[in-house]
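A.B. asks: Questions regarding the structure given below will be posed in turn.
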Amino acid sequence: MLWWAWLLIALAVYCLITAILCLRFPETHIDWNQVNLEELTFPTDFSWGVATASHQIEGHNQNNWSKFESERGIEVSGAACNHWNRWETDFDLVESLGVGHYRFSIEWSRIQPQEGEWNEDALQQYSKMIDNLLARGIEPMVTLHHFSHPIWFEEKGGFLNQSNIHFWADYCERVFTALSDRVTNWCTVNEPEVFSIMGYHMKLFPPGKGSIRKTIRVMKNVVMAHVTVYHSLKALRPEARIGLAKNITIFDPLHRWNLLHWLTTFILNYIWNGAIISAFTKGRMFGRRIPKAKGSLDYIGLNYYTHALVSPFIPQTIEVDLPKRPHEIMTEFGYPMYAEGLQRSVELLKPLKVPIEITENGVADSEDSLRPEHLKRHLWVISEMLKQGFDIRSYYHWSLMDNFEWAEGYSLRFGLYHVDYETQVRTLRKSGEIYRKIIN
Ligand code: GCO
């Protein structure tokens, strides 16, 4: 055959493969002008909540993060929202939103500041906080690890060493024993993929390493840590509901006609989303067996924020604006608002066959000019999914109030309440009022 005939055949095959991929994996886009965002239907037993994490709000924690902040010269969390001292009035804020649920995390470094040293007062304070929430009719969801842990644990290698898992399990059992008579919903770990990729590949989280091998090892060990703790806590109290919070980022090829972009999409989707899902559905991740992982989730927490348009040259940092489609609105975090991805995320989690709790969703928006629309779009998508029969039980908005946004410090504001860090005055934003109205 002539060379150009071969070329034509190759071109036809390329087009066919791309067309199949485009049809098989559509990038949904809704024409939001055609949608009535006021039309929301939620069952009466749907759970409405807000979420926070200890290191982002408590202030003056001494942990892997505070160490990293000072060593790396990034913004220091310092007093944060001084929530450790202001928790009671902060719970007034939670209550006045009308939510019945509050997700927050326990700071391991407060409970066990040194190996073998347990701080009963700190545990007592968390216990008082739970009583206080319950007295207000607010049900707590407790996260046991939200990116932060004691310095002594970090110095032993943290979750890089499988042999360290028992330290974390001891802490979890201690907290669970003290609180599970009043707390039903437990979230073991927050975003194993973000924790490992940011900390061991992108160097933006502690310990700031750059190694793919370590990233995969940590991700696997954190999942194993979840599995270990799931089984030990369930043995203590079978009626507890235990899951973890999974960040789902939807990956889409930047150019849908480019097979290299598709290839990148599949690889990143596996590393970020697929590997962890496969641990719980197949009992394997990255080709390794994860014993007893199957059946170790009573629910899956979904933290959803955006989709990423990828190519082999995707920036390896979060300091730049990521690509967006021309019609999409950019958020202050530098990624687009893409509410359509919430349904795609729920679909990705479907093989787990467990109820979904939306444990985080929100937007960095200092002027509160985008948040009302952002909130309504995402709630509209949930309302539509509920009509389609998806088993979604709750929505926890991220976040109750502005707080320390990790590598971004205080520059990004995610709160339904604005926080003035000088005076610690909290002020309800318009979007907070909208959320309250919707809940009512
Ligand atoms: C995460 C965390 C939160 C963030 C939030 C906004 O996803 O990184 O769970 O702690 O603050 O997602 O980025």
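A.B. asks: State whether one or more residues within the stretch 386-399 are under 30 Å from GLU69 (Cα atoms), in contact with a helix residue (DSSP H, G or I) (Cβ under 8 Å, 6 or more places away or on another chain) and either within 12 Å of the ligand (Cβ to nearest atom) or not aliphatic (A, V, I, L, M) (or both). Even if it seems obvious, please write down each step before you answer.
C.D. replies: As a first pass, look at the stretch 386-399 and keep what is under 30 Å from GLU69 (Cα atoms): 396-399.
Still in the running and in contact with a helix residue (DSSP H, G or I) (Cβ under 8 Å, 6 or more places away or on another chain): 397, 399.
So of that shortlist, the ones also either within 12 Å of the ligand (Cβ to nearest atom) or not aliphatic (A, V, I, L, M) (or both) come out as 397, 399.
Yes, the stretch 386-399 has at least one match.
A.B. asks: Given the criteria within 16 Å of the ligand (Cβ to nearest atom) and at pLDDT 95 or above, does PRO192 qualify? Walk me through how you get there before you give the answer.
C.D. replies: On the way: within 16 Å of the ligand (Cβ to nearest atom): yes; at pLDDT 95 or above: yes.
Answer is yes for this residue.
A.B. asks: Filter the stretch 148-189 down to the residues that are in a loop (DSSP other than H, G, I, E, B) and not small (Gly, Ala, Ser), then identify the one that is nearest to the ligand (Cβ to nearest atom). Can you show your working first?
C.D. replies: To start, the set of residues in the stretch 148-189 that are in a loop (DSSP other than H, G, I, E, B) comprises 148-150, 156-157, 161, 180-184.
Now restrict to residues that are not small (Gly, Ala, Ser): 149-150, 156, 161, 181-184.
On the way: HIS149: 14, PRO150: 18, LYS156: 24, ASN161: 24, ASP181: 27, ARG182: 24, VAL183: 19, THR184: 21 Å.
Among residues in the stretch 148-189 that are in a loop (DSSP other than H, G, I, E, B) and not small (Gly, Ala, Ser), the one nearest to the ligand (Cβ to nearest atom) is HIS149.
A.B. asks: Next question. Based on this model, can you work out whether VAL94 counts as away from the ligand (no atom under 16 Å from the Cβ), at pLDDT 95 or above, open to solvent by less than 20 Å² (accessible area, probe 1.4 Å) and touching a Gly at 6+ places or on another chain (Cβ under 6 Å)?
C.D. replies: On the way: away from the ligand (no atom under 16 Å from the Cβ): yes; at pLDDT 95 or above: yes; open to solvent by less than 20 Å² (accessible area, probe 1.4 Å): yes; touching a Gly at 6+ places or on another chain (Cβ under 6 Å): no.
No, not satisfied.
A.B. asks: OK, next. Checking GLU39 against (1) exposed (fewer than 14 other Cβ atoms within 10 Å of the Cβ); (2) without any contact (Cβ under 8 Å) to a residue 12 or more places away in the chain, only one condition comes out false. Which one?
C.D. replies: (2)
A.B. asks: All but one of (1) part of a loop (DSSP other than H, G, I, E, B); (2) more than 24 Å from MET141 (Cβ to Cβ) hold for PHE42, so report the exception by its number.
C.D. replies: Result: PHE42 passes all but (2).
A.B. asks: Please find, among GLY341, GLY415, GLY432, the residue that is in a helix (DSSP H, G or I), buried (at least 19 other Cβ atoms within 10 Å of the Cβ) and within 16 Å of the ligand (Cβ to nearest atom). Can you show your working first?
C.D. replies: Numbers: GLY415 fails: in a helix (DSSP H, G or I); GLY432 fails: within 16 Å of the ligand (Cβ to nearest atom).
Selected residue: GLY341, the only one of GLY341, GLY415, GLY432 that is in a helix (DSSP H, G or I), buried (at least 19 other Cβ atoms within 10 Å of the Cβ) and within 16 Å of the ligand (Cβ to nearest atom).
A.B. asks: Then there's this: When both residues are 6+ apart or on different chains and their Cβ atoms are under 9 Å apart, which pairs have a first residue that lies in the stretch 383-398 and is open to solvent by 40 Å² or more (accessible area, probe 1.4 Å), and a second that is within 16 Å of the ligand (Cβ to nearest atom) and not aliphatic (A, V, I, L, M)?
C.D. replies: Listed by first residue and then by second, the contacts come to ARG393/GLU357.
A.B. asks: Condition first: out of contact with any Pro (no Cβ under 7 Å at 6 or more places or on another chain), open to solvent by 10 Å² or more (accessible area, probe 1.4 Å) and not charged (D, E, K, R). Now tell me which residues in the stretch 100-122 satisfy that.
C.D. replies: Result: GLY100, HIS101, GLN114, GLY116, TRP118.
A.B. asks: Now for a different question. What is the number of the single condition among (1) away from the ligand (no atom under 12 Å from the Cβ); (2) touching a residue at least 40 places away in the same chain (Cβ under 8 Å); (3) open to solvent by 40 Å² or more (accessible area, probe 1.4 Å) that ARG426 does not meet?
C.D. replies: (3)
A.B. asks: For the stretch 266-278, does any single residue satisfy the condition of being within 16 Å of the ligand (Cβ to nearest atom), touching a residue at least 24 places away in the same chain (Cβ under 8 Å) and either over 20 Å from the mean Cα position of the chain (by Cα) or open to solvent by 20 Å² or more (accessible area, probe 1.4 Å) (or both)?
C.D. replies: Scanning the stretch 266-278 turns up at least one residue that is within 16 Å of the ligand (Cβ to nearest atom), touching a residue at least 24 places away in the same chain (Cβ under 8 Å) and either over 20 Å from the mean Cα position of the chain (by Cα) or open to solvent by 20 Å² or more (accessible area, probe 1.4 Å) (or both).
A.B. asks: Could we say that GLU367 is over 27 Å from TRP262 (Cα atoms), in contact with a Leu (Cβ under 9 Å, 6 or more places away or on another chain), of a type outside the set (Val, Ile, Thr) and open to solvent by 40 Å² or more (accessible area, probe 1.4 Å) here? Step through it out loud before you land on a result.
C.D. replies: Numbers: over 27 Å from TRP262 (Cα atoms): yes; in contact with a Leu (Cβ under 9 Å, 6 or more places away or on another chain): no; of a type outside the set (Val, Ile, Thr): yes; open to solvent by 40 Å² or more (accessible area, probe 1.4 Å): yes.
It is false that GLU367 is over 27 Å from TRP262 (Cα atoms), in contact with a Leu (Cβ under 9 Å, 6 or more places away or on another chain), of a type outside the set (Val, Ile, Thr) and open to solvent by 40 Å² or more (accessible area, probe 1.4 Å).
A.B. asks: Hey, another quick one. Restricting attention to the stretch 287-315, report how many residues are in contact with a Phe, Trp or Tyr (Cβ under 9 Å, 6 or more places away or on another chain), open to solvent by 10 Å² or more (accessible area, probe 1.4 Å) and over 23 Å from PRO26 (Cβ atoms).
C.D. replies: Qualifying residue count for the region: 5.
A.B. asks: May I pose another question? Contact list please: Cβ distance under 8 Å, first residue in the stretch 285-307 and free of Cβ contacts under 8 Å to residues at least 24 places away in the same chain, second residue away from the ligand (no atom under 16 Å from the Cβ), pairs at least six apart or on different chains.
C.D. replies: ARG289/GLY283; LYS294/PHE280; LYS294/THR281; LYS294/LYS282; LYS294/GLY283
A.B. asks: How many of the residues in the stretch 100-128 are of a type outside the set (S, T, N, Q), under 24 Å from the mean Cα position of the chain (by Cα) and not in a loop (DSSP other than H, G, I, E, B)? Break it down into steps so the answer makes sense when it comes.
C.D. replies: If we filter the stretch 100-128 for residues that are of a type outside the set (S, T, N, Q), which is where we start, we get 100-104, 106-108, 110-111, 113, 115-118, 120-123, 126, 128.
With the extra rule that they be under 24 Å from the mean Cα position of the chain (by Cα), the set shrinks to 100-104, 106-108, 110-111, 126.
Checking the rest, the ones that are also not in a loop (DSSP other than H, G, I, E, B) come to 101-104, 108, 110-111, 126.
Final tally of qualifying residues: 8.
The values are calculated or read from the model by the stated rules, or taken from the named source; none is laboratory data. Not measured: the values here are computed from a predicted model. As a convention, Cβ positions derive from the backbone with ideal geometry for all residues, glycine included, and neighbour counts pool all protein chains shown. Surface areas here come from the heavy atoms of the whole protein model, side chains and all, with no ligands, DNA or RNA. Shrake-Rupley method; radii C 1.70, N 1.55, O 1.52, S 1.80 Å.
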